[in-house]
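Chemist: Dumping the structure here so I can ask a few things about it.
The values are calculated or read from the model by the stated rules, or taken from the named source; none is laboratory data. Note that the structure is a prediction, hence the values are computed from the model and not measured. Here the Cβ is made from the backbone with ideal geometry for all residues, glycine too, and neighbour counts use every protein chain on show. Heads up: the accessible areas ignore ligands, DNA and RNA and are worked out on the full protein's heavy atoms, side chains in. Shrake-Rupley method; radii C 1.70, N 1.55, O 1.52, S 1.80 Å.
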Amino acid sequence: MARKILRVNMEDETLSYEEVPEDYRYLGGRGLTSQIVADEVPPNCNPLGPNNKLVFAPGIVTGTSAPTSGRISVGGKSPLTGGIKEANAGTSFAQKLARLGIKAIIVEGKPENKGYRCLKVDDNEVELVDASEWSGIGLYEAYEGLRGEYGDDLGICGVGIAAELSGSNSGVAFNDMEGKPSRYAGRGGLGAVMASRGLKFVLVDDSGAPGVDIEDKEVFDQGRKKLSDALTEHDVTKPGGALNSYGTSVLVNIINESGALPQENFSRGSDEKSARVSGEKKADLIEERGGERPHRCSPGCLIGCSEVWKNEDGEEVGVLEYESVWSLGPDSGIYDLDTIGELNWQCNDLGLDTIEAGNTIAVAMDGGVKEFGDEEGALELMDEIRQGTPLGRILVNGTKFTGEAFGVTRIPTVKGQAMPAYDPRGIKGIGTTYATTPMGADHTAGYAIAPEIMGVGGDADPLSPEKAEMSRNLQYSTAVIDTTGHCLFTAFAVLDIPEGLEGMVEEVNGVLGTDLTVDDISDIGKSIIETERRFNSEAGFTKEDDRLPEYMREESLPPHNDVFDVSEEELDKVFGSLGMGESS
Amino acid sequence: MKTQIEVKFFASFRDKAGDSSTKVEADTAGELLEKITRKYKSLDGMILEKGGSEPELKSGVTVMINGRNIRFLEGLETELDSEASVAIFPPIGGG
């Protein structure tokens, strides 16, 4: 069955299926969302106005038996950065959508009334139903209510109170394996884009769905086996390996020891108290309190980096990821996993991106709103958002907005988006990625931590300032992984095991009937990023936007007391004039 | 007299050693790691590759001295002073 695109016009509530244009046939995930946004969204539009669109696209192999491939990309123009945005999440929602034969959902138009709608999609019909009753209600309660009303085995996507407040820090929440709202396409404020179209939820039921067509099953199976073998062989991704045993928070100690785990709004790079929130500590507590590890974000994942974390009272809080533990913890001077767990739950319930939310709390503390380390105070800030107070309306717009509101000069953002859990003064390749990715500060856009800290995909000295080529290559390959629908963590295995990478390409060939090779990856990635950079250029971005905040070149970071000294020439070498209107 | 160096273990190395830290007398990183693998039999073969004429650090294993990876210092020849604090990690990933 040919795949199709579902177009949802929220202004007149027309719903239509369209054939997939030839240009989109070989795209999926990020490659497809970015291409549709570039084709259909005026780059200079107001992100919350009628001309922006929100695009959902499962990856090329998502919905098949390809391992660790349950990713969905969400794209649009970001209200946080003002540029193009793609954020992705691992969730069964992605697989269900793909199995229904839906290559993308395009949500467009802006209704005049203030109510909210729920889009229901199944194998027989698609309809919009009223969802206004869930306005102002937390997502945990809403997801439980939706499952009660429509069935447990649903893919659910939704936006929370933060999005209803038009917050530039509002994510798009997807269901986890328990049906709870803990899997986020969090970055860039796409939740507000969805809410501004009057869309509150999308429900996907894949009962009786035809599944994903595979053009060449033999090639696909061969690729699937190669990639599965690589994932179960590599020390980082294998059963009993680092991710499977300790989750993503296993990074807390190594980044802290490296002197690059930002503390108290990026004022220091390590603190011995960080060990209290490490993956090792969390693993001990899970064993002591109960919970679950390993755990998966979506069916068919061979890595299993997730967990079910329980609080002191034995109540399930959900997964605490490395980025969330850091942003809601050490970056705010908080070193208590239970407080972090509560803050994380609040973010999921309100519909906030945890990286942006933690940075926002940290700059608010730096600006004197609360003291660093004030655990109750941090929770009170969450309540300000829930109540929609004037302070809450500042906080919900993210780190840059909040920092400027309170006169903070140390604001760790690029293109308006807050930095993840690696200080670029201590790890300069990731800083090069933060500066140059079209997405705003985003570690997942080109994960230089792999060669700089982990020795995966080669070895690179984190303090060396010559990182243009490495960042470029990582960004190209990442754009392709995000297009296939594989989790970025598959990169740990395929960067070191060539057969794994071959397998990933063969899976794609099997699904699409193409004859791509590993050598094509760089050109495909380059093409995706060129499209994204062209959009940003037309939205007004220049190379001056590919920079880190000034203070990171001037204020040294203890304990290594280094500054970010990657030259502007080196940053400009990452992409040259790619997508900026001149030949590259 | 050789220097007493504090050594910290992380992730699966901590579990296998049954200790989160120890102290070892050594002048270089290589000597320290040799002594560690003799002291903790459960770590033997997990940190150093001993197949060739000279031992090498195993792929994916990270050894830091005061926060600097020895791969970007002098490797196993990196000298230790009394201020040195050593951290040893198995292959790790995340994000």
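Chemist: Accessible surface of A:GLU466 in the full protein assembly, 1.4 angstrom probe, to the nearest 10 Å²?
Modeler: Rounded to the nearest 10, that gives 140 Å².
Chemist: Now for a separate question. Show me A:126-135, A:453-462 ranked by packing, highest mean number of other Cβ atoms within 10 Å first. Walk me through the intermediate numbers first.
Modeler: Details: A:126-135: 15.0, A:453-462: 21.1.
Going from most to least packed, we get A:453-462, A:126-135.
Chemist: Further question: What is the set of long-range amide H partners of B:THR62 at a cut-off below 5 Å, with H atoms built 1.01 Å from backbone N?
Modeler: Result for B:THR62 returns B:PHE89.
Chemist: Can you pull the mean other chain C-beta count within 10 Å for peptide B:81-93?
Modeler: Average neighbour count from other chains, rounded to a whole number: 6.
Chemist: At 4 °C and a viscosity of 1.567 mPa s, what translational diffusion coefficient does Stokes-Einstein give for segment A:326-366, taking Rh as the Kirkwood radius over Cα pairs? Give it in µm²/s as a whole number.
Modeler: 132 µm²/s
Chemist: If you don't mind, another one. With +1 on each Lys and Arg Cβ and -1 on each Asp and Glu Cβ, how big is the dipole of segment B:3-89 about its Cα centre, in debye rounded to the nearest 20?
Modeler: So the dipole magnitude of segment B:3-89 works out to roughly 500 debye.
Chemist: For segment A:208-247, rounded, prolate or oblate, judged on the Cα gyration tensor with a ≥ b ≥ c (square roots of eigenvalues), a/c < 1.5 rounded, else prolate if a/b > b/c? Could the numbers behind the result be given before it?
Modeler: On the way: a/c = 5.73, a/b = 1.96, b/c = 2.93.
Oblate, since a/c reaches 1.5 and b/c is not below a/b.
Chemist: Quick one: if you stick a label point 7 Å off each Cα along the C-beta vector at A:ASP515 and B:GLU56, how many nm between them?
Modeler: For A:ASP515 paired with B:GLU56, the spin-label model returns 3.8 nm.
Chemist: A follow-up question, please. One quarter of the convex hull surface, Cα atoms only: what value does that give for segment A:378-533 in nm²?
Modeler: So the mean shadow area of the Cα hull is 11.5 nm².
Chemist: Related question: Under unit Cβ charges (Lys, Arg +1; Asp, Glu -1), what dipole magnitude, rounded to 20 debye, does segment A:175-252 have relative to its Cα centre?
Modeler: Details: 10 positive and 12 negative charges, 106 e Å.
That gives a dipole near 520 debye.
Chemist: While we're on this one: Tell me the relative contact order for chain B as a rounded percent, counting alpha carbon contacts under 8 Å between residues six or more apart. Mind dumping the intermediate values first?
Modeler: On the way: 158 pairs, mean separation 34.6, N = 95.
Once divided by the residue count of chain B, the mean separation gives 36 percent.
Chemist: A further question on this structure: Just give the residues from segment A:450-479 buried by at least 20 square angstrom of accessible area in the all-chains context relative to the isolated chain, probe 1.4 Å, and say none if nothing qualifies.
Modeler: Listed in order, they are A:ILE453, A:MET454, A:ASP459, A:ASP461, A:LEU463.
Chemist: Sticking with this structure for a sec: Per residue, how much accessible area does chain A show when a 1.4 Å probe rolls over the protein heavy atoms, in square angstrom? Numbers along the way, then the final one.
Modeler: On the way: 19230 Å² over 584 residues.
Ligands and nucleic acids excluded, the figure is 33 Å² per residue.
Chemist: Let me ask you something else. So how compact is segment A:85-165: Cα radius of gyration and Dmax in angstrom?
Modeler: My reading of the Cα-based Rg and Dmax gives 13.4, 34 Å.
Chemist: In Å², and per residue, what accessible area does segment B:3-89 have when probed at 1.4 Å with the other protein chains present?
Modeler: 48 Å²
Chemist: Here's a follow-up. Find the percent of Cα-Cα distances in segment A:247-395 that exceed 24 Å, and round it to a whole number.
Modeler: Beyond 24 Å sits 30 percent of the P(r) for segment A:247-395.
Chemist: Something else now. Working from the alpha-carbon coordinates of segment A:159-214, get Rg over Rh, Rh being the Kirkwood radius.
Modeler: Details: Rg = 13.5 Å, Rh = 12.4 Å.
Radius of gyration relative to Kirkwood radius: 1.09.
Chemist: Another question about this same structure. Pairs A:LYS415/A:LYS526; A:LYS77/A:LYS370; B:LYS8/B:LYS41: which are spaced more than 26 Å apart, C-alpha to C-alpha?
Modeler: With Cα atoms farther than 26 Å apart: A:LYS77/A:LYS370.
Chemist: Continuing with the same structure: Over chain A, calculate the relative contact order: mean separation of alpha carbon pairs under 8 Å at least 6 apart, over the residue count, as a percent.
Modeler: Taking the mean separation of contacting Cα pairs over the length of chain A, I get 16 percent.
Chemist: Let me ask something else about it. Based only on the alpha carbon positions, what is the Kirkwood hydrodynamic radius of segment B:3-89, in angstrom?
Modeler: Computed over segment B:3-89, the radius equals 12.7 Å.
Chemist: Return the Rg/Rh value of segment A:69-112, two decimal places, where both radii are evaluated on C-alpha atoms and Rh is the Kirkwood radius.
Modeler: Radius of gyration over Kirkwood radius for segment A:69-112 works out to 1.05.
Chemist: Next up: Give me the summed buried accessible area for the A-B pair, 1.4 Å probe, to the nearest 100 Å².
Modeler: So the buried area, both faces added, is about 2000 Å².
Chemist: How much accessible area does A:ASP205 have with a 1.4 Å probe, in Å² rounded to the nearest 10?
Modeler: Its accessible surface works out to 50 Å², give or take rounding.
Chemist: Solvent-accessible area of A:VAL193, probe 1.4 Å, all protein chains present, reported in Å² to the nearest ten, please.
Modeler: 0 Å²
Chemist: Which whole number gives the average count of other chain Cβ atoms within 10 Å of the Cβ atoms across peptide B:55-68? Could you put the intermediate results ahead of the total?
Modeler: Values: counts 0, 0, 1, 2, 5, 9, 2, 6, 0, 5, 0, 4, 11, 7.
Across B:55-68, the average partner-chain Cβ count within 10 Å equals 4.
Chemist: Using only DSSP helix segments of four residues or longer, with each worth -39500 (n - 2.57), what per-residue ellipticity at 222 nm results for chain A after dividing by its residue count and rounding to 500?
Modeler: It comes out at -11000 deg cm²/dmol, rounded to the nearest 500.
Chemist: Right, next: Against the 2.2 N^0.38 Å scaling, with N counting residues, where does chain A land? I'd like the Cα-based Rg ratio to two decimal places. Walk me through the numbers before you get to the answer.
Modeler: On the way: Rg = 21.7 Å, N = 584, 2.2 N^0.38 = 24.8 Å.
Against the empirical 2.2 N^0.38 Å value, I get 0.88 for chain A.
Chemist: While we're here: Rounded to the nearest percent, how much of the accessible area of the protein assembly as shown (1.4 Å probe, protein heavy atoms only) is carbon and sulfur?
Modeler: On the way: 10140 of 23720 Å².
Accessible surface attributable to carbon and sulfur in the protein assembly as shown totals 43 percent.
Chemist: Take peptide A:317-325, look around each residue's Cβ out to 10 angstrom, count Cβ atoms belonging to other protein chains, and average those counts.
Modeler: Counting Cβ atoms of other protein chains within 10 Å of each residue's Cβ and averaging gives 1.
Chemist: Shifting gears a bit: Go through segment A:339-443 and name the GluC sites (Glu not before Pro) that are in a DSSP coil and have 14 or fewer other Cβ atoms within 10 Å of their Cβ.
Modeler: Values: sites: A:GLU342, A:GLU356, A:GLU371, A:GLU375, A:GLU376, A:GLU380, A:GLU384, A:GLU404; in loops: A:GLU371.
Those satisfying the criteria are A:GLU371.
Chemist: Then there is this: In square nanometres, what is one fourth of the surface area of the convex hull spanned by the alpha carbons of segment A:359-452?
Modeler: If I average the Cα hull's projected area over directions, I get 6.4 nm².
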